[in-house]
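Here is the structure we will look at.
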Amino acid sequence: MITTTTPMEGAILKLPCLRSVSRNTNFTNRSSNSFPWRYRRLHISASAASASAPLVEDPKLGPGSLGHITRSDFPILHQEINGLKLVYLDNAATSQKPTAVIKALQNYYEAYNSNVHRGIHYLRYVILTSFYHHFEPSAKATDEYESARQKVANFIHAAEAREIIFTRNATEAINLVAYSWGLSNLKPGDEIITTIAEHHSAIVPWQIVAQKTGAVLRFVNLTEDEVPDVGQLRDFLSRSTKLLVMHHVSNMLASVLPMDEVISWAHDVGAKVLVDACQSVPHMVVDVKNLDTDFLVGSSHKMCGPTGVGFLYGKSEILSGMPPFLGGGEMIADVYLDHSTYAEPPSRFEAGTPAIGEAIGLGAAIDYLSEIGMQQIHDYEEVPLEVEPNERLTSQEPSTTVASKDDVEVLPEVVSLGREWAMKMELGNYLYDRLSSVSDVRIYGPAPSRTVKRAALCSFNVKDVHPTDIATFLDQQHGVAIRSGHHCAQPLHRHLGISASARASLHFYNTKDDVDRFIDALKDTINFFTSFK
């Protein structure tokens with residue numbers, strides 16, 4: 001096992017900056033409101049796939065890929081770092097924002113900035129019927145804010161918008177459940193089950209609740225493949241289990257858990273389930289009705305939306321029975337000097353002025369993602385392998401050509417071998433394959449295979465090189481942005497015998513070129529540090 005020094009022992013290098021950060025403005029953006037095209041499937045016959053045309057890159061990852069097509073919508077990706085084009089591979093920490101989201105925020109503050117659910121003022125303009133329209137900024141802001149709530153509900157397939165609570169982030173959403181549902185329903189001896197691989201936000205609130213209520217917190221361990229052990233979890237479940245708290249996708253291991261099965265097991269013993277979907281909602285179709293989860297949390301900034309807003313999904317019958325989390329304006333029905341009565345959800349859990357512009361920006365991000373299609377995003381990033389990993393990529397592999405930006409995804413009618421090659425080359429597995437070929441690199445989490453799903457991220461360490469040194473050198477010398485540290489998963493890192501790791505994480509606007517740049521830069525980084533030995 002590779003061991004690393006403590007974070008303080010890593011030399012945080014300040015390497016010479018050759019050039020200042022500059023913006024490349026020689027790019028064009030499509031309409032900020034919607035795609036003028038739909039990301040369509042490529043229809044290629046077997047004869048076309050075997051034609052004698054020159055071999056080119058896999059169409060899922062090459063010039064016609066989703067990453068190449070969408071990246072012009074993200075202004076931040078068109079800047080240079082020390083004379084090098086930015087390669088952004090820190091998407092598990094936060095995603096970048098398309099122009100559509102930036103403009104939605106700007107439009108709110110420029111055109112109809114106002115508080116929601118209150119105020120009838122008469123700053124009006126434009127058009128009633130065909131001549132002028134009665135417009136009140138407060139009403140407009142409320143409409144857009146509530147429209148964003150409905151968009152979130154639709155996006156995760158909730159039954160109704162009132163099952164969506166806006167919060168500051170997913171951390172606050174988990175704390176809302178902990179303090180409202182947890183303190184009201186848990187008692188001494190009750191069990192809360194979670195895993196050692198959870199984000200701190202899914203551990204610390206339940207530690208506090210357990211201390212206050214006398215409930216017992218139990219942790220599921222990892223298998224030999226470094227995946228949370230769902231077999232052990234099933235053995236843990238009993239009538240004493242009152243709540244199961246689990247991630248859908250690990251932000252460090254990249255493991256994808258079978259939440260439909262797990263939720264069913266928990267419900268069989270009468271337990272409630274809270275799913276941390278921060279790493280799944282931005283990358284795949286999530287359907288809360290099919291999952292039948294009781295609670296689910298997500299974060300806007302990881303799904304191309306603004307920071308400062310997240311959401312809690314809760315089944316309406318559960319939310320209706322929960323007491324307020326915070327007290328103040330908006331969450332009340334009536335206030336008297338000796339008591340107050342409370343509004344129905346979602347207002348009951350949204351005390352004070354909410355993050356209005358941010359929620360509207362989240363709605364714009366959902367519009368953007370929905371235009372692409374979450375299944376398309378998932379297929380581009382994370383489709384399971386149909387050949388074994390770690391086979392080296394060679395120019396002898398079959399491939400197909402891409403005629404236009406509409407022609408991007410290979411259909412099953414492509415010849416078998418060509419289809420296997422295309423499936424092998426999806427972006428997340430391409431990252432894993434390339435990274436695993438680098439000497440002295442240890443990747444954490446399961447290896448992708450025909451049966452093992454793995455998200456489009458890799459946490460790793462390099463023998464005898466601190467992850468902070470790796471991230472610093474990559475940034476300053478190569479313009480490649482990755483993450484280093486414990487990724488808010490200290491218990492998991494301790495279990496793995498390390499104090500920190502480096503992490504490269506992808507989103508749909510990344511490309512094969514980004515991965516190649518990262519790998520070349522990483523090799524140079526390793527050579528730099530090993531040259532001192």
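Points worth noting:
- Yes/no for Leu474 being without any contact (Cβ under 8 Å) to a residue 60 or more places away in the chain and open to solvent by less than 20 Å² (accessible area, probe 1.4 Å): yes
- Residue selected from segment 108-146 under the condition at pLDDT 90 or above and among the hydroxyl-bearing types (Ser, Thr, Tyr), by the criterion surrounded by the fewest Cβ atoms within 10 Å (Cβ to Cβ): Tyr109
- Subset tally (residues that are out of contact with any helix residue (DSSP H, G or I) (no Cβ under 7 Å at 6 or more places or on another chain) and either acidic (Asp, Glu) or within 20 Å of His507 (Cα to Cα) (or both)) for segment 280-311: 6
- Among the candidates Leu244, Leu233, residue that is open to solvent by less than 10 Å² (accessible area, probe 1.4 Å), touching a residue at least 40 places away in the same chain (Cβ under 8 Å) and within 23 Å of the chain's Cα centre (by Cα): Leu244
- Matching residues, segment 461-489, being farther than 17 Å from Glu198 by Cα and not in a helix (DSSP H, G or I): Asn461, Val462, Lys463, Asp464, Val465, His466, Gly479, Val480, Ala481, Ile482, Arg483, Ser484
- Within segment 217-244, the residues that satisfy the criterion of being in a strand (DSSP E or B) and either β-branched (Val, Ile, Thr) or in contact with a Gly (Cβ under 9 Å, 6 or more places away or on another chain) (or both) are Val220, Thr241, Lys242, Leu243.
- Checking each residue in segment 147-166 for being open to solvent by less than 30 Å² (accessible area, probe 1.4 Å) and touching a Pro at 6+ places or on another chain (Cβ under 9 Å) picks out Arg149, Ala161, Glu163, Ile164, Ile165, Phe166.
- Some residue of segment 364-383 being open to solvent by less than 40 Å² (accessible area, probe 1.4 Å) and farther than 24 Å from Val275 by Cβ: yes
- Count of segment 491-512 residues, restricted to those that are among the polar types (S, T, N, Q) and over 19 Å from Leu435 (Cα atoms), is 1.
- Taken over segment 490-533, residues that are open to solvent by less than 50 Å² (accessible area, probe 1.4 Å) and either among the basic types (Lys, Arg) or not in a helix (DSSP H, G or I) (or both) amount to 17.
- Subset of segment 264-280 [open to solvent by 20 Å² or more (accessible area, probe 1.4 Å) and of a type in the set (Ser, Thr, Tyr)]: Ser264
The values are calculated or read from the model by the stated rules, or taken from the named source; none is laboratory data. Predicted model only: the values in this text are computed from it and were never measured. Neighbour counts run over all protein chains shown; Cβ positions are idealised from the backbone, glycine included. Heavy atoms of the whole protein, side chains included, go into the accessibility calculation; ligands, DNA and RNA do not. Shrake-Rupley method; radii C 1.70, N 1.55, O 1.52, S 1.80 Å.
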